[in-house]
Amino acid sequence: MKHPLSKAFLFFLAIILVSFSAGNADKDYSGFSDDHSKTQQKWEKQYDSLLRSTDIDYFVKTLSAHPHHLGSPGDKANVDFILQQYRSWGFEARVDTFYALFPTPKTRLLEVISPTPYKALLQEPGLKEDKTSNQTSDQLPTYNCYSADGDVTAELVYVNFGVPQDYEELDKMGISVKGKIVIVRYGGAWRGIKPRLAQEHGAIGCIIYSDPKDDGYYQGDSYPKGPFRSEYGVQRGSVADITLYPGDPLTPGYGDTKNAKRLDRKDAPDLLKIPVLPISWHDAKPLLEGINGRTVPDSWRGALPLTYHVGPGPVKVHLKLEFNWNIVPVYDVIAMLKGSEEPDQWVIRGNHQDGWVNGADDPISGQACMLEEAKVVGELAKEGMRPKRTIVYCSWDGEEEGLLGSTEWAETNAAELQQKAVAYINSDATGRGLFFAGSSHTLQNMISEVAGDVTDPETNISIKERRKAYDVVNASSVDEQKKLLASNTLKTEPLGSGSDFSSFLQHLGIASVDVGFGGEDPGGEYHSIYDSYDMYERFKDPHSIYGKVLAETAGRITMRLANADILPFNFKDMYTTMSEYVNELTKKLEDMRATTEMTNELLNTSYYVYANDPTKPLVTPPTKGDVPFLDFSSLENSLLKLQETTEIFQRVAAHWRDSSSLSLRQVNILIYQSEQKLLLPDGLPGRQWYKHAIYAPGYYTGYGVKTLPGIREAIEGRRWQEAQQQITEAAKVIDAYNAQINSAMTALVILQPHH
């Protein structure tokens, strides 16, 4: 097919670029004309002057004063408070209500039957140092949401983190979990992967505990003396399989409005069939002490004062769980400030407000910052500084159970969002220290520019410079350090899952950002009753100093997207990133081929047998099939065309001088809808809800991202025909993406004033 950029067009374009390069001063902000860049700087300076750490602290304290899990009185009280705040600041605010499946515990029993009886406490005690920890009647008990009902008794097997490589290790030991109950520690992967893998391997129950090596006394002083998880602390959390789809398990792919058709619970593919229960290390210790058998590998050892054994048995446990399987309301607070020039172009800013218990850190720390942003944007609007595009603030409900509020809202309004949504800016729990950002890589450069304009309160340098210093010092090699030092762009991470950006980016193809701060606020309060204001004020972000910095950062990102003349999407960054991912995959394939050849050679010559310790024999693994050569040429050719297009587009956009936004309307629509061209029409193999060809949560990592996921996971699973087919599909969407950018560039050149 002929490339859409003809030689005549390229010649015409070159003349334009040369004429614009002469005498055109560099602009401070990408996407803004010179005069509008100066106006935006004034807006942001005034915005900063109105932000108050004391107000953020007030919101944290107020919204975390009571437990506010989904469907609770505290949740509804917070929704009403947030709604009233938005309206008082001048927003058109409403509550969009959905109705989702939300099980809560009816029976929880865990006991050792033999050889030494023990009944688990399954209780977090209140503390005098933590005022809200004693709100027992309002607290959700310790449990894993969307566990199956079950009454099972079996021997116990310890499976470390319960990830695929741990089961490979068990296979080498000749140990099966079939018909057993597994005990697994938190960490290594998202919690929902652990019971799913246990179920796939034939286990009849799963117990997840918090080992002090990971977030307890091994790391530092336990709460309340220090911030780390105490002996009785338990991590609640959902185990619905969000790697298949997030949202209400009974309405996959469409909104759970009041009269929506719902699946029968037994037919919901993301719900487990085995019971799962989280426990403290206090309750785990008697269980682990009773396990005999082989001692565990070094990497499996936790920090409890005992020798860790794999089992099975002789300890036998009884696990009984029953739940109330209720449909409860999910309240999303939606607040809109209509744009003065482009009301049908929406910049969406979101953070959830529901918690497992009081949730001062997760999620109220981020929610409080977003409310402060909205308050100040409302004040500026009243003074006449109204954004060009509509800003939509979303306080989500039901995030903890599986991104319920954001997913159901996005699915219900999918068609309108794909027409109007410019970008989605997310935050969640935030803390103190280093800036972190994940994003669609088209937004990487804009985020880097913003980070260069925000001052870190501890060092008085920009948050960008501080993050760069950390990355350089901790780089894995000298070459990597040199690369980081030479770059002026702060690289953002690809987005996996675990927060409310997922539906916007990976299902609808809306460019997304996730930002926050952390690194100096470690702790073990996560999803426990001790995630409280007292905990937050002492150990996380005292006086909400960094909360204000997050409001400065996320507010700037929101306002620049809302006010830019040409939306500051950097397609060259996206090309570079995708090219890096392809290079990673070709290198991965080469490494797999070399490793497979060597491993098979060693197996065929009995080296594995001779290397065995006869007292601790290991099962010799089977040989693996050869790794074929895959044809990446279609993908590489698509990227080659994209490289040419993106380089020219960025030069054209950088030299734009006319500030008439009305003439740029169609250009901007083409720009922000470009991310939708990266959606696979049929979604990813085996999980069609996820459609983005570049970013998805990993099937065996959960929150952790897999880039070029269709290709990468097929290679990792040694599904070679599927991998080749996914290479072809990825090339197709990149060609469509390239054509969209070409259309935007053509429209921009036609509008370009000539001098």
**OP:** Report, for the chain, the % of DSSP beta bridges that are antiparallel, rounded to 5.
**Re:** 60
Subject >> For Tyr118, distant residues with modelled amide H under 5 Å away >> reply: Val112
Original post:
Taking a label point 7 Å from the Cα of Ser579 along the Cα→Cβ vector, which residues of the stretch 613-657 have an amide N closer than 11 Å to it?
Top reply: 639-647
**OP:** Only Lys, Arg, Asp and Glu count, each charged at its Cβ (+1, +1, -1, -1), so figure out the dipole size of the stretch 31-82 about its Cα centre, rounded to 20 debye.
**Re:** 100
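Hey, with R₀ at 41 Å, roughly what FRET efficiency would Glu458 and Lys172 work out to, going by the Cβ-Cβ distance, to 0.05? The partial results should precede the final answer.
Details: r = 47 Å, r/R0 = 1.16.
Efficiency, rounded to the nearest 0.05: 0.30.
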Original post:
In this model, which of Lys194/Lys572; Lys420/Lys491; Lys178/Lys732 are farther than 31 Å apart at the alpha-carbon?
Top reply: Lys194/Lys572; Lys178/Lys732
**OP:** At 0.36 nm per residue, minus the direct Cα-Cα distance, what do Ser88 and Lys225 gain on full extension? Give it in nm, one decimal, please.
**Re:** 45.3 nm
Original post:
Any idea which of Gln353, Met574, Gly498 is furthest toward the positive side of the dipole for the chain, if Lys and Arg beta-carbons carry +1 and Asp and Glu beta-carbons -1?
Top reply: Met574
Original post:
Which of Val627, Phe98, Asn637 sits farthest toward the positive end of the charge dipole of the chain, with +1 on the Cβ of Lys and Arg and -1 on the Cβ of Asp and Glu?
Top reply: Asn637
Subject >> Cut-off under 5 Å, modelled amide H: who pairs with Ala437 long-range >> reply: Glu493
Original post:
Over the Cα atoms of the stretch 328-435, what is the Rg over Rh ratio if Rh follows Kirkwood?
Top reply: 0.99
**OP:** Return the carbon/sulfur percentage of the accessible area of the stretch 131-276, one whole number, probe 1.4 Å, all protein chains in place.
**Re:** 48
**OP:** Could you point to the residue in Tyr533, Gln726, Tyr118 farthest towards the positive end of the chain's charge dipole, with +1 and -1 charges on the Cβ of Lys/Arg and Asp/Glu respectively?
**Re:** Gln726
Original post:
Roughly what percent of Cα-Cα pairs across the stretch 147-290 reach past 20 Å?
Top reply: 53
Original post:
For Ala736 and Ser477 in one chain, what is 0.36 nm times their gap in residues minus the Cα-Cα distance, to one decimal in nm?
Top reply: 89.5 nm
Original post:
Can you flag which of Lys128/Lys540; Lys258/Lys706; Lys225/Lys375; Lys273/Lys320; Lys261/Lys338 are past 24 Å Cα-Cα?
Top reply: Lys258/Lys706; Lys225/Lys375; Lys261/Lys338
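Using mean Cβ contacts within 10 Å as the protection proxy, how do 321-331, 166-176 order, highest first?
321-331, 166-176
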**OP:** Pull up the cross-link candidates among the aspartates and glutamates for Lys482, meaning alpha carbon to alpha carbon under 17 Å and not fewer than 8 places away within one chain.
**Re:** Glu465, Asp471
Subject >> Projected label distance in nm at Gln724 and Leu306, using a 7 Å step from Cα toward the beta-carbon >> reply: 5.2
Original post:
Extent of the stretch 405-558 along each principal axis, from alpha carbon coordinates, in Å, largest to smallest?
Top reply: 45, 43, 27
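Given just the C-alpha atoms of the stretch 292-368, how large is their convex hull per residue in cubic angstrom?
Normalising the Cα hull of the stretch 292-368 by residue number yields 251 Å³.
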Subject >> Computed over the stretch 564-634, Kirkwood Rh from alpha-carbon pairs, angstrom >> reply: 16.0
Original post:
Just the C-alpha atoms of the chain: what Rg/Rh do they give, with Rh taken as the Kirkwood radius?
Top reply: 0.98
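Enumerate by residue number the GluC sites (Glu not before Pro) in the stretch 461-521 meeting two conditions: DSSP loop (anything except H, G, I, E, B), and at most 15 other Cβ atoms within 10 Å of the site's Cβ.
Numbers: sites: Glu465, Glu480, Glu520; in loops: Glu520.
Passing sites in the stretch 461-521 are Glu520.
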Original post:
Suppose every K and R has +1 on its Cβ and every D and E has -1 on its Cβ; what is the size of the dipole of the chain about the Cα centre, in Debye to the nearest 20?
Top reply: 640
**OP:** Two decimals is fine: what is log10 I(q)/I(0) at q = 0.12, 0.13 Å⁻¹ for the stretch 112-232, from a Debye sum with one equal scatterer on every Cα and no solvent?
**Re:** -0.56, -0.65
Original post:
What helices does the chain hold that run 18 Å or longer along their axis, going by alpha-carbon atoms, with a Kyte-Doolittle average of -1.0 or more, using DSSP H for the helix calls?
Top reply: 7-21, 73-88, 366-382, 545-563, 571-604, 633-654, 720-751
Original post:
Short version: ³J(HN,Hα) in whole Hz for each residue of the stretch 261-266, in order, from phi by Karplus 6.51 cos²θ - 1.76 cosθ + 1.60 (θ = phi - 60°), x for Gly and Pro, what are they?
Top reply: 6, 10, 5, 5, 3, 5
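I'd like the FRET efficiency for Asp267 and Ile327, computed as 1/(1 + (r/R0)^6) with the beta carbon distance as r and R0 of 25 Å, rounded to 0.05.
Details: r = 16 Å, r/R0 = 0.64.
Once the sixth-power term is evaluated, E becomes 0.95.
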Original post:
Under a 1.4 Å probe, what is the accessible area of the stretch 124-275 per residue, stated in Å²?
Top reply: 36
Subject >> Computed E for Lys76/Thr623 - FRET, C-beta separation, R0 56 angstrom, nearest 0.05 >> reply: 0.40
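The values are calculated or read from the model by the stated rules, or taken from the named source; none is laboratory data. Remember, predicted model here, so these are calculated numbers, not experimental data. Reconstructed Cβ throughout: ideal geometry from the backbone, glycine too, with neighbour counts over all protein chains shown. Surface accessibility is based on the protein's heavy atoms, side chains included, excluding ligands, DNA and RNA. Shrake-Rupley method; radii C 1.70, N 1.55, O 1.52, S 1.80 Å.
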